[in-house]
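Enquirer: What follows is a structure written as structure tokens; I'll ask about it next.
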Ligand SMILES: Cc1ncc(C[n+]2csc(CCOP(=O)(O)OP(=O)(O)O)c2C)c(N)n1
Ligand code: SF4
């Protein structure tokens, strides 16, 4: 197995194919165009199908059709396009359609810009579309990690019959890093007896009905109870977090994705100055690794936590809920696409230390 | 005794919820009969719309999806790309297809998507209580055009069959009506032709059916049939618009 220098978007697309994804529907938007472009060339080589849809709205509904038909299917977009997909994501959650949605976040609100940002945290983690539902949200912080998470994303989508979101940002999509891609020419996919693959009225294959409408209150109650029970299992089993240098730290940084890499550099900088700082990096944003965040921040040695994000206090809310008032949680971040530097983060910690 | 008519097995036993005199039930039966006659039941999937036919997944005894409002052609596309050897149809009203879902239907035709669409044009939004549709006739009173649709205010009704027939990917487009026995028989033949077009892999096919909504037109079932003949057919001419 060798390392290959790859652009994030292309590595993600190839990793999806290696995970058994054979259908991709999407609409161009910067900074994720390399995903559909790569898929358009690759899918025919593996007997799959790439289709450029007329809109993100159509793309997510094609995902509904293909996922409901039993296929491993993916769509990708960036912030404004992800907004358009929300109706469909809510539909897929209710109709219990496994699918993977990649969001290479860019600056917002509105058309914003085309640089990296983390402004879609609430949208991804707190629902985004209407109604009570969750999507599992992975927030990788390197291209290698994104690639490693892809098979997991598809497996989790299939196991729980749920949409899964890869919440990355324009930086991860556009930069190049050496990656190791595991080849998997014949991925073994789970059976999907519920899928629309054809129907045998004489009993062998029951009729598939893929639906998000439950007009009788009692019927909708059965669905939401089933989803709720599933979400509880996901919360028990699927949380992922990285703890970096947290033991006996004086301060705890909390960050995800690209910003977490900056924070790691800050941890090292501060370490050189004799200040022990740790980093808690949620890898799943939903389910949120609250216990790990709490335990790291609530240690006796810790004076305070600092949430660093490229958004205006979104991750902050979940960190504060997790820490539950046991330690002060400060905030460093802003909307848009200005990436904080390690020096700025270190400086802020030094300031907190003097306070 | 010879059986001269029996219920098609491609409809479930669930009673239709449609109003007396509604066109949806007639078209459901004919679509189901065609699926049975063509012997494609085991490999057919249907996509129900948002509109009065929203519960179509309870009635057609084949694999079924329920799509969000207007999105049925995109859902059918996803299905068809995964199972190109199977047959898929969408069943849509005029709010679903000619208003909120225009992009999806035009682009499905434009791609030459090998799907079949059954389009129920009743010149009104049935399910939400009789609001104006893009197909509402000029002068027609609805709950959101209480004085009658005004051409100056919101244009003239859209002719979807003619519009889609201009698209190369559309292989078969016909408009029919339910106002007489002869026209009902023609509608069934058109539905069959549309499915055969898909089976032959020729491209997109659609049958637009002029269909009564007595409840929201404020007419009896019989008056509604006359209203189709007198008011709808002159504006929406019947016939094959495209046959590739
Ligand atoms: C996104 C969205 N917007 C609006 C509605 C409300 N709605 C339900 S049915 C309908 C109109 C359906 O009319 P039509 O397609 O003509 O079908 P009909 O009921 O006449 O058969 C509307 C607007 C909805 N369910 N979803
Ligand atoms: S409201 Fe109109 S379209 Fe709806 S079921 Fe009644 S008659 Fe049919």
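Enquirer: Based on DSSP H runs of at least 4 residues, each adding -39500 (n - 2.57), what is the mean residue ellipticity at 222 nm of chain A after dividing by all its residues, to the nearest 500 deg cm²/dmol?
Expert: Working: 12 runs with 145 residues, N = 355.
Theoretical 222 nm ellipticity from helices: -12500 deg cm²/dmol.
Enquirer: Could you state the angle between the C-alpha long axis of helix A:342-354 and the longest principal axis of the C-alpha atoms of chain A, as a value from 0 to 90 degrees rounded to the nearest 10?
Expert: The helix A:342-354 is inclined about 50 degrees to chain A.
Enquirer: Over all directions, what mean area does the Cα convex hull of the stretch A:85-128 project, stated in square nanometres?
Expert: Values: hull surface 13.1 nm².
For the stretch A:85-128, the mean projected area of the Cα convex hull comes to 3.3 nm².
Enquirer: Taking every pair of Cα atoms in the protein assembly as shown, average 1/r, invert it to obtain the Kirkwood radius, and report Rg/Rh to two decimals. Show your work: numbers first, answer last.
Expert: On the way: Rg = 27.3 Å, Rh = 25.9 Å.
Radius of gyration over Kirkwood radius for the protein assembly as shown works out to 1.05.
Enquirer: Among rounded, prolate and oblate, which fits the stretch A:34-88 when a ≥ b ≥ c are the square roots of the eigenvalues of its C-alpha gyration tensor, a/c under 1.5 means rounded, and a/b larger than b/c means prolate?
Expert: Oblate is the answer for the stretch A:34-88, as a/c is 1.5 or above yet b/c matches or exceeds a/b.
Enquirer: With both partners inside the stretch A:36-178, how many of the DSSP beta bridges are antiparallel, as a percent to the nearest 5? Walk me through the numbers on the way to the answer.
Expert: Values: 1 of 15 bridges.
Rounded to the nearest five, the antiparallel share is 5 percent.
Enquirer: From Cα coordinates alone, what are the radius of gyration and Dmax values for the stretch A:54-163 in angstrom?
Expert: Radius of gyration, then largest Cα-Cα span, for the stretch A:54-163: 13.3, 36 Å.
Enquirer: Further, regarding this structure: Quick one: of the DSSP bridges fully inside chain B, what percent are antiparallel, nearest 5? Working shown, then result.
Expert: Working: 7 of 34 bridges.
Around 20 percent antiparallel, to the nearest 5.
Enquirer: Calculated FRET efficiency, residue A:298 and residue A:275, Cβ-Cβ r, R0 22 Å, to nearest 0.05?
Expert: With R0 = 22 Å, the Cβ-Cβ based efficiency is 0.70.
Enquirer: Something else now. Rg and Dmax of the stretch A:198-254 over Cα atoms: what are they, in angstrom?
Expert: Rg then Dmax for the stretch A:198-254, in Å: 21.7, 68.
Enquirer: Another question, then. What distance in nm separates the two pseudo spin-label positions at residue A:228 and residue B:196, each 7 Å out from Cα along the beta-carbon direction?
Expert: 5.4
Enquirer: Something else now. Kindly provide the helix-only [θ] at 222 nm of chain B, computed as the sum of -39,500 (n - 2.57) over DSSP H runs of four or more divided by all residues, to the nearest 500 deg cm²/dmol? Show your work: numbers first, answer last.
Expert: Values: 9 runs with 79 residues, N = 244.
About -9000 deg cm²/dmol.
Enquirer: Taking only the alpha carbons of the stretch A:103-186, what extent do you get along each of the three principal axes, in Å, biggest first?
Expert: 40, 32, 16
Enquirer: Running a GNM on chain B with Cα contacts under 10 Å, which residue among B:87, B:120, B:184 ends up with the highest mean-square fluctuation?
Expert: Sorting by GNM fluctuation, first place goes to B:184.
Enquirer: Based on the alpha-carbon gyration tensor of the stretch A:260-325, what equivalent-ellipsoid semi-axes (square roots of 5 times the eigenvalues) come out, in whole Å, largest first? Kindly include the intermediate steps, with their values, before the conclusion.
Expert: Numbers: eigenvalues 81, 44, 21 Å².
They are 20, 15, 10 Å, listed largest first.
Enquirer: Here is a further query. Between the helical axis of A:56-68 and the dominant principal axis of chain A, each derived from Cα atoms, what acute angle in degrees is found, rounded to the nearest 10?
Expert: 60
Enquirer: Further question: What order do you get for B:110, A:228 when you list them from fewest to most C-beta neighbours inside 10 Å?
Expert: A:228, B:110
Enquirer: Oh, and also: At a threshold of 8 angstrom on Cα-Cα distance, excluding pairs fewer than six apart, so keeping six or more, what relative contact order does chain B reach in percent?
Expert: Numbers: 514 pairs, mean separation 45.7, N = 244.
Relative contact order for chain B comes out at 19 percent.
Enquirer: To continue, here is another question. What does the average come to when, for each residue of peptide B:86-92, you count the partner chain Cβ atoms lying within 10 Å of its Cβ?
Expert: On the way: counts 4, 1, 3, 0, 0, 0, 0.
Mean partner shielding for this stretch: 1.
Enquirer: Please check which bits of the stretch A:75-116 a label hung off residue A:214 would reach, taking the label as a point 7 Å along Cα-to-C-beta and the cut-off as backbone N under 11 Å.
Expert: A:94-96
Enquirer: Let me confirm one metric for peptide A:219-232, namely the mean number of other chain beta-carbon atoms within 10 Å of its residues' beta-carbons. Let's see the in-between values first.
Expert: Numbers: counts 0, 0, 0, 0, 0, 0, 0, 0, 0, 0, 0, 0, 0, 0.
Going residue by residue through A:219-232 and averaging, the value is 0.
Enquirer: Could you put B:94, A:312, B:63 in order, starting from the residue whose Cβ has the fewest other Cβ atoms within 10 Å?
Expert: Values: B:94 26, A:312 14, B:63 30.
In order of increasing Cβ crowding within 10 Å: A:312, B:94, B:63.
Enquirer: So what's the angle, to the nearest 10 degrees on a 0 to 90 scale, between helix A:79-95 and the longest Cα principal axis of chain A?
Expert: Helix A:79-95 sits roughly 60 degrees off the main axis of chain A.
Enquirer: Let me ask something additional. Determine the principal axes of the Cα atoms in the stretch A:123-170, then give the extent along each, sorted from largest to smallest and rounded to whole angstroms.
Expert: 34, 26, 10
Enquirer: So what is the relative contact order for chain A, in percent, with contacts set as C-alpha pairs under 8 Å and at least six apart?
Expert: Numbers: 751 pairs, mean separation 60.9, N = 355.
Relative contact order, chain A: 17 percent.
Enquirer: Can you pull the semi-axes for the stretch B:170-217, root of five times each eigenvalue of the Cα gyration tensor, sorted largest first, whole Å? Before the final figure, lay out each step's value.
Expert: On the way: eigenvalues 116, 27, 9 Å².
Those come to 24, 12, 7 Å.
Enquirer: What's the long-distance tail for the stretch A:242-354, i.e. % of Cα pairs beyond 16 Å?
Expert: Values: 3238 of 6328 pairs.
Cα-Cα pairs in the stretch A:242-354 separated by more than 16 Å: 51 percent.
Enquirer: Could you please state, rounded to a whole Å, how far the C-alpha centre of the stretch A:99-160 is from the C-alpha centre of the stretch A:179-245?
Expert: The distance from the Cα centre of the stretch A:99-160 to that of the stretch A:179-245 comes to 18 Å.
Enquirer: Note down the Stokes-Einstein diffusion coefficient of the stretch B:97-176 in µm²/s, whole number, using a Kirkwood radius over alpha carbon pairs, 37 °C, and 0.692 mPa s.
Expert: On the way: Rh = 13.6 Å.
Translational diffusion coefficient: 241 µm²/s.
Enquirer: Most exposed first by the Cβ proxy, i.e. fewest other Cβ within 10 Å, how do A:154, B:5 rank? Write out the running numbers ahead of the final one.
Expert: Values: A:154 25, B:5 4.
So the residues, fewest neighbours to most, are B:5, A:154.
Enquirer: If every alpha-carbon in the stretch B:35-145 counts as one equal scatterer, what log10 I(q)/I(0) does Debye give at q = 0.12, 0.13, 0.19 1/Å?
Expert: Those come out to -0.42, -0.48, -0.92, one per q.
Enquirer: Count, for each residue of A:66-73, the Cβ atoms from other chains sitting within 10 Å of its Cβ, then give me the mean as a whole number. Can you show the working numbers first?
Expert: Numbers: counts 8, 3, 9, 12, 3, 5, 0, 3.
The mean count of partner-chain Cβ atoms within 10 Å per residue comes to 5.
Enquirer: Just need log10 I(q)/I(0) for chain A at q = 0.07, 0.09 Å⁻¹, Debye formula, equal scatterers on the alpha-carbon atoms, no solvent, rounded to two decimals.
Expert: -0.30, -0.50
Enquirer: How many nm is it between the label spots at residue B:19 and residue A:237, if each spot is 7 Å from the Cα in line with the beta carbon?
Expert: Result: 4.9 nm between the two label points.
Enquirer: In addition: Over the stretch B:40-103, how many percent of alpha carbon pairs lie in each 5 Å bin up to the one with the longest distance?
Expert: It works out to 4, 22, 30, 24, 14, 6, 1, in whole percents.
Enquirer: Hey, any idea what Rg/Rh is for the stretch A:155-276, computing Rh the Kirkwood way over Cα pairs? Before the final figure, lay out each step's value.
Expert: Values: Rg = 22.7 Å, Rh = 20.0 Å.
My calculation puts Rg/Rh at 1.13.
Enquirer: Antiparallel DSSP bridges in the protein assembly as shown: what percent, to the nearest 5? Write out the running numbers ahead of the final one.
Expert: Details: 19 of 81 bridges.
Within the protein assembly as shown, antiparallel bridges account for around 25 percent of the total.
Enquirer: Return the inverse of the average 1/r over all pairs of distinct C-alpha atoms in chain B, which is the Kirkwood hydrodynamic radius, in Å to one decimal.
Expert: Details: mean 1/r = 0.0564 Å⁻¹.
Answer for chain B: a Kirkwood hydrodynamic radius of 17.7 Å.
Enquirer: At a temperature of 25 °C and a viscosity of 0.890 mPa s, determine how fast the stretch B:125-211 diffuses translationally according to Stokes-Einstein, using the Kirkwood radius over alpha-carbon pairs as Rh; express D in µm²/s, rounded to the nearest whole number.
Expert: Numbers: Rh = 14.7 Å.
This corresponds to a translational diffusion coefficient of 167 µm²/s.
Every number in this text was worked out from the coordinates using simple rules, so none of it is lab data. This one's a predicted model, so the numbers in the text were calculated from it and none came from an experiment. FYI the Cβ positions are ideal-geometry reconstructions off the backbone, even for glycines, and counts take in every protein chain you see.
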